[in-house]
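Novice: Mind looking over this structure? Questions follow.
The values are calculated or read from the model by the stated rules, or taken from the named source; none is laboratory data. Just so you know, these numbers come straight off a predicted model, no measurement behind them. For neighbour counting, all protein chains shown are included, and Cβ atoms are generated from backbone atoms with ideal geometry for every residue, glycine included. Heads up: the accessible areas ignore ligands, DNA and RNA and are worked out on the full protein's heavy atoms, side chains in. Shrake-Rupley method; radii C 1.70, N 1.55, O 1.52, S 1.80 Å.
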Amino acid sequence: RVDKLLAAQALPSVANLTAGHRDDWTKARAILEQDAANRESLAKVDSSLFAVCLDVDVDPQDSIDPERSIAVFNHSDAGANRWFDKSMQLVIVNSGRLGVNCEHTPVDALTTGRLLMEISEKERGPVKDIKPCAALGESAPIQWNVGPDVVQIIDKVRKDAGVLAANLRIVLGQMDRYGAQWIKTLGVSPDAYFQVALQAAHYRHYGQPTPTYESSSLRKFLHGRTETIRSCTEESLAFSKAFGDKDMHVKKKLAYFQQAIAAHVELSKAAAAGKGVDRHLLGLRAQIQTPEEAERAWLFQDKAYIKSMSFGLSTSNVTPGEKFRGGFAPVILDGYGINYALDKNDLKFS
């Protein structure tokens with residue numbers, strides 16, 4: 001049934017527009033909405049709970065290799081078979097493997113992650129006490145009337161998305177020798193341990209610190225989403241320098257390590273309690289209405305502020321991560337997006 005529908009679809013992919021710059025997609029959508037059939041089709045897509053993406057021509061090796069597999073789930077074919085505006089896309093490749101591509105705006109990662117974890121858990125055993133779903137109706141293609149002006153935008157978007165995808169390298173890492181359980185025997189927070197280790201690794205590689213973002217949940221507040229834990233601290237920098245000092249005694253290095261851990265724990269507590277600075281500053285920026293107001297808001301033009309917002313390390317703790325791996329792109333071109341899960345007996349990161 002699906003093969004017949006695919007054979008009937010010879011038009012450029014309208015979904016590909018969602019992979020492009022927001023201005024390009026906005027322009028193309030405004031043109032599409034001038035047609036009644038297109039308006040109806042857009043309404044169907046917008047009102048759907050999630051998207052199902054059937055990738056029928058994926059190289060089998062791309063399904064076997066974990067890193068290439070994640071790349072497929074993220075942006076296969078420059079996003080031609082993805083609708084990136086949807087909060088959840090179930091991506092099924094021709095080998096039968098399933099991946100999920102999520103858009104972050106509606107909910108935080110832990111919300112989606114918990115949903116996927118429950119789905120994975122139920123797949124392991126018999127499903128009990130669940131009423132059968134209603135039978136699906138006959139599949140039917142969504143109709144699009146695509147003119148040459150929209151085709152031109154799609155061509156541009158495909159080129160731009162291809163360049164962006166080619167500039168992204170996805171690497172999976174896993175530490176099997178220990179996990180959160182052993183870290184706790186040291187009397188330290190597993191999350192703080194990982195964040196301080198990241199700072200030391202970045203300093204060892206580049207010889208300098210970098211602004212670092214770690215997401216903190218504000219779920220204890222009504223409509224709360226996230227706050228920023230700024231993991232790059234004076235204490236973590238001091239430890240990073242001490243860690244590579246061959247002449248320093250290990251006891252002194254451990255003292256620097258404990259100070260870095262303590263600083264991170266305090267910042268984490270403050271962020272979760274709504275005492276961070278980033279969402280407050282974001283709220284102030286959102287109040288700016290005119291270029292004149294922007295000119296008077298000199299704080300946001302300050303070089304130190306601008307540099308502090310260029311997060312070379314953008315990180316997120318999605319523990320537990322026993323049943324699936326995740327990841328996200330960096331927020332600057334030469335940065336890292338680090339997704340990690342600190343399980344009982346291992347550490348996973350991408």
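Novice: Could you look at the chain and say what percent of its accessible area is carbon and sulfur, using a 1.4 Å probe and all protein chains?
Specialist: Of all accessible area on the chain, carbon and sulfur atoms account for 57 percent.
Novice: If you average the sequence gap of Cα pairs under 8 Å that are 6 or more apart and divide by the length of the range 231-350, what percent do you get for the contact order?
Specialist: Contact order relative to length: 15 percent.
Novice: Ordering Tyr340, Tyr305 by how much accessible area each has at a 1.4 Å probe, largest first, what is the list?
Specialist: On the way: Tyr340 0, Tyr305 30 Å².
My answer, sorted largest first, is Tyr305, Tyr340.
Novice: For the range 158-219, which trypsin sites (Lys or Arg not before Pro) are in a loop by DSSP, counting at most 15 other Cβ atoms within 10 Å?
Specialist: Sites meeting the loop and neighbour criteria: Arg169, Arg177, Arg219.
Novice: Excluding ligands and nucleic acids, what accessible area in Å² is computed for Ser216 using a 1.4 Å probe, to the nearest 10?
Specialist: Spelled out: Ser216, probe radius 1.4 Å, area about 10 Å².
Novice: Taking the solvent-accessible surface of protein heavy atoms with a 1.4 Å probe, what is the per residue accessible area of the range 228-350 in Å²?
Specialist: About 61 Å² of surface per residue is accessible.
Novice: What number comes out for accessible area per residue over the range 23-132 if the probe is 1.4 Å? Units Å², please.
Specialist: Per residue, the range 23-132 has an accessible area of 61 Å².
Novice: Take the cross-link list Lys86/Lys348; Lys122/Lys348; Lys220/Lys275; Lys27/Lys156; Lys184/Lys275 and give me the ones stretching past 19 Å between alpha-carbons.
Specialist: Pairs exceeding 19 Å: Lys86/Lys348; Lys122/Lys348; Lys184/Lys275.
Novice: Can you classify the range 100-188 as rounded, prolate or oblate using the Cα gyration tensor, where a ≥ b ≥ c are the square roots of its eigenvalues, rounded means a/c under 1.5, and otherwise it's prolate if a/b beats b/c and oblate if not?
Specialist: Oblate, because a/c is 1.5 or more while a/b does not exceed b/c.
Novice: Got a sec? Charge dipole of the range 71-206, +1 on Cβ for Lys and Arg, -1 for Asp and Glu; which of Ala166, Thr105, Ala201 is way out at the positive end?
Specialist: Value computed over the given set: Ala201.
Novice: Largest first, how would Met248, Met175 line up by accessible area (1.4 Å probe)? List each step's numbers first, then the result.
Specialist: On the way: Met248 40, Met175 60 Å².
Descending order: Met175, Met248.
Novice: May I ask you to rank Glu33, Glu123, Glu266, Glu214 by accessible area, largest first, using a 1.4 Å probe over the protein chains only?
Specialist: Of Glu33, Glu123, Glu266, Glu214, the descending order of accessible area is Glu123, Glu266, Glu33, Glu214.
Novice: Placing unit charges on C-beta atoms (Lys and Arg positive, Asp and Glu negative, everything else neutral), compute the dipole magnitude of the range 59-130 about its Cα centre in debye, rounded to 20.
Specialist: Approximately 200 debye in magnitude.
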